[in-house]
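Below is one structure, written out as structure tokens; the observations come after it.
The values are calculated or read from the model by the stated rules, or taken from the named source; none is laboratory data. Everything numeric here is computed off the predicted structure, so don't read it as measured data. As a convention, Cβ positions derive from the backbone with ideal geometry for all residues, glycine included, and neighbour counts pool all protein chains shown.
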Amino acid sequence: MLCASTNLLMVRTVADAASDSENQASQVALTIPAGAYLNIIDDSVFKSLGEDGSAEQAFDAGYVEFDAGKPTLFVSSNTGLMLFVKSSGFTGPYPKATADLMLKDAGSQHVNGMFRQYRSLSAQEQRITRHYSEGVKNEEHPCQYKILLDYAKDIPGTYEATVIFTLSTLAI
């Protein structure tokens, strides 16, 4: 019987003990800056006009058009953004006008109306798109180049131009 009462005493002692607890708070903070990412697929494009009649057709049309979607830009930003384009101009056998290089963007609803059709590039930045509201993730901008041709000016040779795309976030 002594054993039975000891067990009861232990249970009763634990049940009568005062409860004790303590709360402390921890805080978590994260500062996120405005951020943007630009990825260009098929950033280098090349076309050669051959003696198969393609050169004559292009000169008669007054231009040569490159493949659609080359390059394709993917834009991501956690805030409003602006996408700009400019060109360094051509290197080649003669100083071909920078404006002979044209670009259009068949992309998202945020494309500036002027770039929905071909637009001549220049050494000054031109805005392709502006998006004021929330961010975007991998917004696709399939672009296409066109180069104007002129029998009287465009002598044989290779003409190259560098095109610079700049993605900027808008100030918050």
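Brief remarks on what is shown
- Residues (modelled with pLDDT under 95, in a loop (DSSP other than H, G, I, E, B) and not charged (D, E, K, R)) located in region 121-150: TYR132, SER133, GLY135
Residue by residue, here is whether (1) surrounded by fewer than 15 Cβ atoms within 10 Å (Cβ to Cβ); (2) closer than 29 Å to LEU170 by Cβ; (3) modelled with pLDDT under 95 holds:
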site: MET82; (1), (2), (3): no, yes, yes
site: LEU101; (1), (2), (3): no, yes, no
site: SER108; (1), (2), (3): yes, yes, yes
site: PHE115; (1), (2), (3): no, yes, yes
site: ARG119; (1), (2), (3): no, yes, no
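- Looking across region 84-99, the residues that are surrounded by 15 or more Cβ atoms within 10 Å (Cβ to Cβ), more than 14 Å from the chain's Cα centre (by Cα) and part of a strand (DSSP E or B) come down to LYS86, SER87, GLY89, PHE90.
- Scan of region 60-108 for residues that are without any contact (Cβ under 8 Å) to a residue 40 or more places away in the chain and hydroxyl-bearing (Ser, Thr, Tyr), ordered by number: SER108
- Members of region 26-72 found to be part of a strand (DSSP E or B), among the aliphatic types (A, V, I, L, M) and under 18 Å from the mean Cα position of the chain (by Cα), listed by number: ALA36, LEU38, ILE40, ILE41
- Answer residue from region 153-166, given it is modelled with pLDDT of 95 or more and of a type in the set (A, V, I, L, M) and is farthest from ASP60 (Cα to Cα) among those: ILE164
- Region 151-172, residues that are more than 19 Å from the chain's Cα centre (by Cα) and not in a loop (DSSP other than H, G, I, E, B): GLU160, ALA161
- If the condition is being under 17 Å from LEU101 (Cβ atoms), surrounded by fewer than 17 Cβ atoms within 10 Å (Cβ to Cβ) and of a type in the set (A, V, I, L, M), then region 52-80 contributes ALA61, ALA68.
- Where a residue in region 17-37 is free of Cβ contacts under 8 Å to residues at least 60 places away in the same chain and its partner, wherever it lies, is assigned to a loop (DSSP other than H, G, I, E, B), with Cβ under 9 Å and at least six apart: ILE32/ASN78; PRO33/ASN78
- Some residue of region 109-118 being in a loop (DSSP other than H, G, I, E, B) and on the phi > 0 side of the Ramachandran plot: no
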